[in-house]
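S.K.: I'd like to ask you about the structure that follows.
The values are calculated or read from the model by the stated rules, or taken from the named source; none is laboratory data. Not measured: the values here are computed from a predicted model. Counting neighbours? That spans all protein chains shown, and the Cβs are built from the backbone with ideal geometry, glycine included.
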Amino acid sequence: MAQLRDGFQSRLGFVLAASGAAVGLGNIWGFPTQAANHGGGAFLLVYFIVIFLLALPALYTELYLGHQAQANPVKALKKAWQAQAPNVGAAAGYLGLVGAIVMLSFYSIVAGWMLAYALEPISTFLGFTELSQFLQTDSMVRNFIFTPLMLLLTASIILKGVKSGIETWSRRLMPLLLVLLVGLIAYIATLDGSSEGFAAYLVPDFSQVLEPSLIIAAMGQAFFSLSLGVGCMMIYGSYLQPDANLPRLTASVALLDTGVAFLAGLLIIPAIYVAQHNGVQVFSDGKLVGEGQLIFAILPQLFNTMGEVGLLVGLLFFVLMSIASLTSTISSTEIPVAFLVENHQVERKKATFLVSLTVLAASSLIIFNFDWLFGLVIMVLTQYQLPLMGLFYFITVGWLWHRGNQLHEAATGMRFWFAQYIRFVCPILMTAVFANVAFG
């Protein structure tokens, strides 16, 4: 069904789209939280090292599988395992497919929260007090309004395909995200207390660098920040031209994604210290209050202390978060859509509708059972599936994909040592990440 396959038309379009897939709440929410709780500058230093040692090869591996197969993850992994056990490869592809649906089911809920919080400053400015309170208060009604809205926004882009939808909107959204991020950093830097935050973030305490908990946290964050393990990068890699320079593109995506994570820390950690300076309780026993609720607990309190300008800052911040959410939901939705189009010859419009409906059903199940199911779904996906799938990709490319020969030939400029690094070192590092995250 090659005639059905769309593709990226430019190197910049691919880099922005793939970076958009990676740039999400993991970068702008998760990374600063991890940094604040694990030594600030020390965590940042180890994170950069781990990106180079583990996440960059993992990104290359996933892109490579899709690029070589020119197909969705189910077809790509089945082809990779064709000579040994094609059903094993296909099963892994289906597991990734389910993982993408599961990820979308909770990610769309959280993305809906970002949309609600983005609208809240507008309602406050217009004097709609009750609406403002509704938008800030967690409720089932709010979830059932904004989760479908995020799914509709995602579907409207996916419907247009790779060139006219994903690539076009990535070219618009990613530059806007960067402009908002840099603008907010510049503003926060003018506020009292920010200098202490910059110092905590940028000046490493070398006595903490070798702490095992910090190293493992950095390894896990580096892997998850690049959106690896469910096939997002594999499907994007499959849309590249056959003669694409994959090592260079991999480095470009990793550099942009890591740059956004760094900038997110440069925004949020100083903002935390500004909030503390303004009387907001931020830390308890050296840890962030609420941790995962950082975005919704601490920062809105900070914006409230800024008066009217806080409305604008809050609006811009949550628009930034909404864009980051949308670029990630686009990539995850494309995986099952491409599967239906290529494996079952479903027309793209119908496939997009079916996938969106399935995700809405899964999200509804979570919303109705939020107290116990939301956290469980996130834990199973992030602590078990993502690292195990990453390990599977390393084994597939390093050991089973023509015994690594194609990897050696394709890795222009990386040569023999890179193939051996993926075969031997990366699986050990990935196993360490999984074992620590899953068991302790």
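S.K.: Among Gln70, Gln34, which is the only one that is modelled with pLDDT of 90 or more and in contact with a helix residue (DSSP H, G or I) (Cβ under 6 Å, 6 or more places away or on another chain)?
M.R.: Step by step, each of Gln70, Gln34 is checked, and only Gln70 is modelled with pLDDT of 90 or more and in contact with a helix residue (DSSP H, G or I) (Cβ under 6 Å, 6 or more places away or on another chain).
S.K.: Can you tell me which residue among Gly112, Gly89 is touching a Lys or Arg at 6+ places or on another chain (Cβ under 6 Å), of a type outside the set (Val, Ile, Thr) and surrounded by 19 or more Cβ atoms within 10 Å (Cβ to Cβ)?
M.R.: The unique qualifying residue is Gly89.
S.K.: If you don't mind, another one. Looking at Pro270, Pro300, which is the one that is surrounded by 24 or more Cβ atoms within 10 Å (Cβ to Cβ) and closer than 24 Å to Glu120 by Cα?
M.R.: So the residue among Pro270, Pro300 that is surrounded by 24 or more Cβ atoms within 10 Å (Cβ to Cβ) and closer than 24 Å to Glu120 by Cα is Pro270.
S.K.: Another question, if that's okay. If a residue has to be closer than 26 Å to Met430 by Cα and surrounded by 15 or more Cβ atoms within 10 Å (Cβ to Cβ) to count, how many in segment 366-383 make the cut?
M.R.: 6
S.K.: Next up: Regarding segment 251-261, can at least one residue be identified that is surrounded by fewer than 23 Cβ atoms within 10 Å (Cβ to Cβ), among the hydroxyl-bearing types (Ser, Thr, Tyr) and under 29 Å from Glu334 (Cβ atoms)?
M.R.: Yes: segment 251-261 contains one or more residues that are surrounded by fewer than 23 Cβ atoms within 10 Å (Cβ to Cβ), among the hydroxyl-bearing types (Ser, Thr, Tyr) and under 29 Å from Glu334 (Cβ atoms).
S.K.: Hey, could you check segment 176-194 for residues that are assigned to a helix (DSSP H, G or I) and free of Cβ contacts under 8 Å to residues at least 40 places away in the same chain and say which is surrounded by the most Cβ atoms within 10 Å (Cβ to Cβ)?
M.R.: Val179
S.K.: Would you mention how many residues in segment 352-365 are surrounded by fewer than 22 Cβ atoms within 10 Å (Cβ to Cβ) and either closer than 22 Å to Lys163 by Cα or touching a residue at least 24 places away in the same chain (Cβ under 8 Å) (or both)?
M.R.: Residues flagged as surrounded by fewer than 22 Cβ atoms within 10 Å (Cβ to Cβ) and either closer than 22 Å to Lys163 by Cα or touching a residue at least 24 places away in the same chain (Cβ under 8 Å) (or both) within segment 352-365 amount to 7.
S.K.: Inside segment 57-86, can you point out the residues that are closer than 17 Å to Leu226 by Cα and either small (Gly, Ala, Ser) or surrounded by fewer than 21 Cβ atoms within 10 Å (Cβ to Cβ) (or both)?
M.R.: Passing the criteria: Ala58, Gly66.
S.K.: So, Phe303, is that one among the aromatic types (Phe, Trp, Tyr), under 17 Å from the mean Cα position of the chain (by Cα) and either assigned to a helix (DSSP H, G or I) or closer than 17 Å to Gly26 by Cα (or both) or not?
M.R.: no
S.K.: Please tell me if Ile101 is within 16 Å of the chain's Cα centre (by Cα) and either more than 30 Å from Phe368 (Cα to Cα) or aromatic (Phe, Trp, Tyr) (or both).
M.R.: For Ile101, the condition - within 16 Å of the chain's Cα centre (by Cα) and either more than 30 Å from Phe368 (Cα to Cα) or aromatic (Phe, Trp, Tyr) (or both) - is not met.
S.K.: Taking the condition in contact with a Pro (Cβ under 9 Å, 6 or more places away or on another chain), small (Gly, Ala, Ser) and assigned to a helix (DSSP H, G or I), does Gly165 pass?
M.R.: Judged against the criteria, Gly165 is not a match.
S.K.: Please tell me if Thr137 is more than 15 Å from Ser332 (Cα to Cα) and either without any contact (Cβ under 8 Å) to a residue 12 or more places away in the chain or out of contact with any helix residue (DSSP H, G or I) (no Cβ under 8 Å at 6 or more places or on another chain) (or both).
M.R.: It is true that Thr137 is more than 15 Å from Ser332 (Cα to Cα) and either without any contact (Cβ under 8 Å) to a residue 12 or more places away in the chain or out of contact with any helix residue (DSSP H, G or I) (no Cβ under 8 Å at 6 or more places or on another chain) (or both).
The rows are residues; the columns are (1) of a type in the set (A, V, I, L, M); (2) at pLDDT 70 or above; (3) part of a loop (DSSP other than H, G, I, E, B).
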| residue | (1), (2), (3) |
| --- | --- |
| Thr382 | no, yes, no |
| Leu386 | yes, yes, no |
| Tyr393 | no, yes, no |
| Gly398 | no, yes, no |
| His408 | no, no, no |
| Phe416 | no, yes, no |
| Arg423 | no, yes, no |
| Met430 | yes, yes, no |
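S.K.: Oh, and also: Return the residue satisfying two criteria in turn: it lies in segment 222-246 and is assigned to a helix (DSSP H, G or I) and small (Gly, Ala, Ser), and of such residues it is surrounded by the fewest Cβ atoms within 10 Å (Cβ to Cβ).
M.R.: Ser238
S.K.: Looking at (1) under 25 Å from Gly66 (Cα atoms); (2) modelled with pLDDT under 90; (3) within 21 Å of the chain's Cα centre (by Cα), find the lone condition where Leu255 falls short.
M.R.: Leu255 satisfies every listed condition except (2).
S.K.: Another question, if that's okay. Against the definition (not in a helix (DSSP H, G or I) and not acidic (Asp, Glu)), how does Gln133 come out, yes or no?
M.R.: Here the answer is no, as Gln133 does not meet what is asked.
S.K.: Restricting attention to segment 328-339, does a residue exist that is closer than 18 Å to Phe144 by Cα, in contact with a Leu (Cβ under 9 Å, 6 or more places away or on another chain), in a helix (DSSP H, G or I) and touching a residue at least 40 places away in the same chain (Cβ under 8 Å)?
M.R.: Yes: one or more hits.
S.K.: Turning to a different aspect of this structure: Just one of (1) over 19 Å from Thr382 (Cα atoms); (2) in contact with a Leu (Cβ under 9 Å, 6 or more places away or on another chain) trips up Ser139, so point out which.
M.R.: The one condition Ser139 does not meet is (2).
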